[in-house]
């Protein structure tokens with residue numbers, strides 16, 4: 001299932017990141033939220049990405065790439081694995097995507113992210129969501 005559909009995810013995001021504080025800053029030409037609501041779909045991209053960066057999850061840069069590649073290989077089999085290897089070798093664009101995900105994983109600090117997760121009031125949800133991320 002999708003991480004954002006995980007029960008408690010919205011609270012995790014709001015409590016384990018400085019998104020509310022970032023929403024008060026004038027960092028873009030538009031308000032941080034479309035309608036001032038607390039729903040993820042109303043949040044604009046800049047505070048969404050900035051919040052995940054500040055809490056050191058860096059989630060927006062890497063989360064899901066492993067599942068996507070795995071699903072591709074599951075559907076396409078060995079031919080899919082070989083295609084990915086060829087793309088990595090010959091496609092600058094694909095290589096950049098993989099390199100950026102790898103770099104971001106290196107820059108993520110899951111110990112600091114764990115401390116932010118500790119701010120979430122529902123400790124069961126915090127542990128479950130953090131475990132899916134880490």
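Throughout, read-outs are computed from the coordinates displayed, never taken from laboratory work. All figures in this text were calculated on a predicted structure; none of them were measured in a lab. FYI the Cβ positions are ideal-geometry reconstructions off the backbone, even for glycines, and counts take in every protein chain you see.
Comparing 56, 44, 114 in a Gaussian network model of the chain, where Cα atoms under 10 Å apart are tied by springs, the biggest mean-square fluctuation is seen for 44.
Sorted fewest first by neighbouring Cβ atoms within 10 angstrom, 103, 26 come out as 26, 103. A protection proxy built from the mean count of other Cβ atoms within 10 Å ranks the segments 95-102, 18-25, 64-71, most packed first, as 18-25, 95-102, 64-71.
When the chain is treated as a GNM with alpha-carbon contacts under 10 Å, the residue of 107, 54, 15 showing the greatest mean-square fluctuation is 107.
Here the spin labels are modelled as points 7 Å beyond Cα on the Cα-Cβ line, and at residue 2 and residue 78 they lie 3.6 nm apart. In terms of packing, defined here as the mean over residues of other Cβ atoms within 10 angstrom, the peptides 6-13, 117-124 line up highest first as 6-13, 117-124. Structure remark: mean-square fluctuation, Gaussian network model of the chain, C-alpha springs under 10 Å; the largest value among 45, 16, 79 belongs to 79. When the helices of the chain are scored as -39500 (n - 2.57) per DSSP H run of n ≥ 4 and the total is divided over every residue, the value at 222 nm lands at -20000 deg cm²/dmol.
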